[in-house]
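The values are calculated or read from the model by the stated rules, or taken from the named source; none is laboratory data. As the structure is a computational prediction, the values presented were derived from the model and not from experiment. A quick note on method: Cβ atoms are made from the backbone with ideal geometry, for glycine too, and the neighbour counts reach across all protein chains shown.
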Amino acid sequence: MAPRLYWQIHKLAFLLEKRADESLKSQLSIGFAQYKVLEAISQNMLSKQNTIAELLDQTEASISRQIKLLQKKKLILASSVMDNKRARELSLTDLGEDVLRQAEETLNVTRAQVIGGLSYQEQSLLQELFERMLIKARKKNPKS
């Protein structure tokens, strides 16, 4: 990949995340990192912290920090697993589900501001290309 394209992808990802973070903080008092954890828990109810970390390609320590913040805000529940006192199953509270729904609406507006100028076909192509790149980037040997 040409260095310039690599830089552009990095810069776009950074700016998108920054805008998303600012929008969510100003409207819902949660950051983008917290939103990602809420979304992952929503899609994988009763998952454990390590599963959420894997899904988000993050460390368990960073997920643990977000979980503590979300618990303080009463957006998630972390229940102990009977066989393992260190493992905790995660689920959204009713308030957490409501905040997640509002966050998705907020992010749809933010997304439209950034890529709304692209046609539906361009957006679909962009999404397909990014999905292919993500799959390849997650492989242990990206050359294959």
ask   = Can T59 be described as more than 28 Å from K136 (Cβ to Cβ), out of contact with any Phe, Trp or Tyr (no Cβ under 8 Å at 6 or more places or on another chain) and of a type in the set (V, I, T)?
value = no
ask   = Within the set of pairs 6+ apart or on separate chains, which have a first residue in segment 16-30 that is touching a residue at least 40 places away in the same chain (Cβ under 8 Å) and farther than 16 Å from K73 by Cα, a second that is surrounded by 14 or more Cβ atoms within 10 Å (Cβ to Cβ) and among the aromatic types (F, W, Y), and C-beta atoms under 7 Å apart?
value = A20/F32
query = Going through segment 38-79 one residue at a time, which ones are more than 13 Å from the chain's Cα centre (by Cα), surrounded by 14 or more Cβ atoms within 10 Å (Cβ to Cβ), of a type in the set (A, V, I, L, M) and outside any helix (DSSP H, G or I)?
reply = L75, I76, L77, A78
query = Any residue in segment 88-102 that is surrounded by 13 or more Cβ atoms within 10 Å (Cβ to Cβ), β-branched (V, I, T) and part of a helix (DSSP H, G or I)?
reply = yes
inquiry  = Cβ-Cβ under 6 Å, sequence separation 6+ or interchain: first residue in segment 79-103 and farther than 11 Å from I41 by Cβ and small (G, A, S), partner outside any helix (DSSP H, G or I) and at pLDDT 80 or above. Which pairs?
reply    = S79/E89; A87/K48
inquiry  = Can you tell me which of (1) free of Cβ contacts under 8 Å to residues at least 24 places away in the same chain; (2) surrounded by 18 or more Cβ atoms within 10 Å (Cβ to Cβ) is the one Y35 doesn't meet?
reply    = (1)
query = Among the residues of segment 107-121, is there at least one that is under 15 Å from Q34 (Cβ atoms), surrounded by 10 or more Cβ atoms within 10 Å (Cβ to Cβ) and not hydroxyl-bearing (S, T, Y)?
reply = yes
Number of the condition not met by R138 [criteria: (1) in contact with a helix residue (DSSP H, G or I) (Cβ under 8 Å, 6 or more places away or on another chain); (2) in contact (Cβ under 8 Å) with a residue 60 or more places away in the chain] = (1)
Considering residues of segment 1-32 that are within 17 Å of G96 (Cα to Cα) and in contact with a Lys or Arg (Cβ under 9 Å, 6 or more places away or on another chain) only, the residue surrounded by the fewest Cβ atoms within 10 Å (Cβ to Cβ) = S29
task = Give the number of residues within segment 59-114 that are at pLDDT 95 or above and hydroxyl-bearing (S, T, Y).
result = 2
